[in-house]
Amino acid sequence: MGKSKPAITLFITLAVIAAMLALVGVVFKYLTDARAKAQDKSALIEANLIYTDARSTLEKFLGKKPSVGTLKNIYKIPLNVQTKKGDFNLLVACAPTHAAIPITWFKNKGSKNQDRFNLANYVLDDIALKFQLKDGSKLSQMLTQALNSAQSFEFGKFARLQRAKNFFSYGQFLKILRQYSLEEDDSNVFKVNWKSYFSFGQDYKAIDGEFLSAKLISIIFNIDEQIVQEDFKSGELERFLYRNGADLALYKSPLFAKGAVAAMRCSASYTFGSRSYSISFEYNEGKVGNFEFLY
């Protein structure tokens, strides 16, 4: 490229390059014309235009089943683009959405869901031991009660916890943590990075078969976390488990998807006029949705 066009070097697949550069082109196209309009309403309109083109671009270039290598590079390398003058900056990053145990697995109704329930509790028991929670079993019971509730769960003086079917948000989970902490006088629950172990939002039937956090791999397969941190390469979970003598029967059970799941949540932060904004959206097996605009 010429001197007037600074190059962006990314060691990623052609599909990722095509998708990301198309997204960047969309952002530049709309924001260049609207840069002088720094009002929030204008920024919202532009964000929707960005999202519309980003959706069609990702669906076209990634398809329903992108390769593990493509997903690995998308998760590993955030895209950062800045103009020479520094008056425009864009950061795009994506993370897998099926890389932890759904918090909804604490709902236990019938033998069909027993294995999911058991795995969720096994992880919670380990967390309770590591972080010295006073009563991990009670926290589990509170989660099960909330999830099995038809419409809501009472928290005394707290507002009613509204729950959509098969959906449990991180905000709803925090309400349970606060109630548990008050009843047990246990502040240790707030020392846990819960998102390393559990996912929040929509339920799904199987955990990603390739992309998991080191902390979760360590607990589920009983491998020292330091070994996981040092030796595990994202996107090569089965190979790593085999080398370390882990329980492959568990890995090949219905609790884990066969290979990587093409599901991610992406965020794009950008400058617009004198302010900064961000948008987020989800990509799930060929479709983009759940767009959010953040001030």
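The values are calculated or read from the model by the stated rules, or taken from the named source; none is laboratory data. This is a predicted model, so every value here is computed, not measured. Counting neighbours? That spans all protein chains shown, and the Cβs are built from the backbone with ideal geometry, glycine included.
Tabulated data for the structure shown
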item	result
Filtered residues of segment 209-247 (kept if among the small types (Gly, Ala, Ser), part of a loop (DSSP other than H, G, I, E, B) and touching an Asp or Glu at 6+ places or on another chain (Cβ under 9 Å))	Gly209, Ser234, Gly235
Residue list for segment 253-272, restricted to those being under 18 Å from Tyr122 (Cα atoms) and of a type outside the set (S, T, N, Q)	Pro254, Leu255, Phe256
Residue match in segment 195-202 (condition: at pLDDT below 85 and assigned by TED's automatic domain parsing to the domain that holds Gly245)	yes
Candidate set: segment 255-272, residues that are part of a loop (DSSP other than H, G, I, E, B) and small (Gly, Ala, Ser); chosen: the one nearest to Lys112 (Cα to Cα)	Ala257
Looking only at segment 183-208, and only at residues there that are assigned to a helix (DSSP H, G or I) and basic (Lys, Arg), the one that is surrounded by the most Cβ atoms within 10 Å (Cβ to Cβ)	Lys195
Any hit, segment 139-158, residues being exposed (fewer than 12 other Cβ atoms within 10 Å of the Cβ), out of contact with any helix residue (DSSP H, G or I) (no Cβ under 6 Å at 6 or more places or on another chain) and modelled with pLDDT of 85 or more	no
Condition met for Val261 (touching a helix residue (DSSP H, G or I) at 6+ places or on another chain (Cβ under 6 Å), buried (at least 18 other Cβ atoms within 10 Å of the Cβ) and β-branched (Val, Ile, Thr))	no
Answer from Ile227, Ile217 - the residue that is touching a Leu at 6+ places or on another chain (Cβ under 9 Å) and among the β-branched types (Val, Ile, Thr)	Ile217
Residue within segment 176-184 that is farther than 25 Å from Ser67 by Cα, touching a Leu at 6+ places or on another chain (Cβ under 7 Å) and of a type outside the set (Val, Ile, Thr) present	yes
Hey, Phe256 aromatic (Phe, Trp, Tyr), assigned by TED's automatic domain parsing to the domain that holds Val123 and either surrounded by 16 or more Cβ atoms within 10 Å (Cβ to Cβ) or touching a residue at least 60 places away in the same chain (Cβ under 8 Å) (or both) or not	no
